[in-house]
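J.: Have a look at this one before I ask anything.
The values are calculated or read from the model by the stated rules, or taken from the named source; none is laboratory data. This one's a predicted model, so the numbers in the text were calculated from it and none came from an experiment. Cβ atoms come from the backbone with ideal geometry, glycine included; neighbour counts cover every protein chain shown.
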C-alpha cells in the first residue's frame, strides 16, 4: 500500500510525542497532515488505533498491539537508513574479488596491506582462480582479468597492456639452441599452459604484424602459472607467458627473453565489474587503488 510506511512512522511519532500537535512540530509537518496520515493508516488496517478527545488521544487495544511491533520496524528502518548513509560517505562492507592465481599471489598480494590500512571498514575476500567467474551468479563484486570482457553487461577498467613474451633458461638455450624465428618453436620443447582454449597453438606476430598460429608440443602440461614459470627457470623448455609474470626472472638472468616485445599479441589487464549507474564505493575504491598501483607493474 503506497505511503503506508510513512503513515506508520507518523503514527509512532504521535504515540511517542503524546499528541498530534507535538508530533507535527517534531516532524515539521502540519497538524492536519499528521491527522490525515493516522486516519489513512486506520482505514488501510480496518481498525481504530487511537481514541481521540479534544485534549489528548489514547491507544486502543488494537493500537497498543500494532505500536509494539510497528515501533521496532520503524527503528530498524531508521538504523538501515543510517547505515546506508555511512556506506555512501566512506567505503565499507564485504568486498569479494576474483583474480588469476599468479596475479593474486605475486602482484596483488603486495598491495593488500596498504589497501587495508586505507579502508579498514572493508572486509576483503580474494578468490584466486584461473577461470572467468560469473560475477553475478557467484556473487563477486569485481574480477581482475587478462583479456577484454566477453560479457557485454560488464564494464572493464583497463590497467595495462601486457606484452606476451617467449623465454627460456640460459642452460636450455645453450643445450638446445635459440630459435631464430617463431616457426622454429615446432622443433623445441615447449611448456604447455592448459588453461588456454588451444594450448598447443601459440599465436605469434610476423615482422609485419600479421598473426599466425604455430603448432607446439612438449612433455610438461599444467594449468598453474607458478609451475610453468618454475619449469622454465629449471631449464625444462620454452615458456610463453605475460611478461608481467616473468619480469623478475628476466631481470635476474634466470630467464632469457628470446625475442623483443611484440613477437606475440599483447593482452589487456583490467578489472571488470557489473554495469551499474552507481558503482558501490567499496568497488570504486578497489578499482581506483589498482589504477594507482599499476605503475609499479609496468
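J.: Answer yes or no: is there a residue in region 211-233 that is over 32 Å from the mean Cα position of the chain (by Cα), surrounded by 15 or more Cβ atoms within 10 Å (Cβ to Cβ) and over 17 Å from residue 165 (Cα atoms).
T.: yes
J.: Another question, then. Only one of (1) closer than 18 Å to residue 98 by Cβ; (2) in contact with a helix residue (DSSP H, G or I) (Cβ under 7 Å, 6 or more places away or on another chain); (3) not assigned by TED's automatic domain parsing to the domain that holds residue 272 is not met by residue 141, so which one is it?
T.: (3)
J.: Of the numbered conditions (1) modelled with pLDDT of 85 or more; (2) touching a strand residue (DSSP E or B) at 6+ places or on another chain (Cβ under 6 Å), residue 148 fails exactly one; give the number of that condition.
T.: The single condition residue 148 does not satisfy is (1).
J.: Which residue is nearest to the chain's Cα centre (by Cα), if the candidates are limited to region 154-187 and must be surrounded by fewer than 13 Cβ atoms within 10 Å (Cβ to Cβ) and over 27 Å from residue 219 (Cα atoms)?
T.: That would be 158.
J.: While we're looking at this one, here's another question. Does residue 87 satisfy being at pLDDT below 80 and surrounded by 15 or more Cβ atoms within 10 Å (Cβ to Cβ)?
T.: It is true that residue 87 is at pLDDT below 80 and surrounded by 15 or more Cβ atoms within 10 Å (Cβ to Cβ).
So that you can scan it fast, the table gives a plain yes or no per residue for (1) in contact with a strand residue (DSSP E or B) (Cβ under 6 Å, 6 or more places away or on another chain); (2) in contact (Cβ under 8 Å) with a residue 60 or more places away in the chain:
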| position | (1), (2) |
| --- | --- |
| 223 | no, yes |
| 238 | yes, yes |
| 251 | no, no |
| 292 | no, no |
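J.: Given (1) modelled with pLDDT under 85; (2) part of a loop (DSSP other than H, G, I, E, B), where does residue 77 come up short, assuming only one miss?
T.: Only one criterion is unmet by residue 77, namely (2).
J.: Scanning for something assigned by TED's automatic domain parsing to the domain that holds residue 180, touching a residue at least 60 places away in the same chain (Cβ under 8 Å) and over 24 Å from residue 140 (Cα atoms), does region 210-217 turn up at least one residue?
T.: Looking for residues that are assigned by TED's automatic domain parsing to the domain that holds residue 180, touching a residue at least 60 places away in the same chain (Cβ under 8 Å) and over 24 Å from residue 140 (Cα atoms), one finds none in region 210-217, hence no.
J.: Quick one: residue 239 ticks every box in (1) under 32 Å from the mean Cα position of the chain (by Cα); (2) in a helix (DSSP H, G or I) except a single one, so which number is it?
T.: (2)
J.: Of all residues in region 255-283, how many are crowded, with 18+ Cβ neighbours inside 10 Å and assigned to a loop (DSSP other than H, G, I, E, B)?
T.: Residues in region 255-283 being crowded, with 18+ Cβ neighbours inside 10 Å and assigned to a loop (DSSP other than H, G, I, E, B): 5 in total.
J.: Can you name every residue in region 189-215 that is touching a strand residue (DSSP E or B) at 6+ places or on another chain (Cβ under 9 Å), under 20 Å from residue 261 (Cα atoms) and in a loop (DSSP other than H, G, I, E, B)?
T.: 191, 206, listed by residue number.
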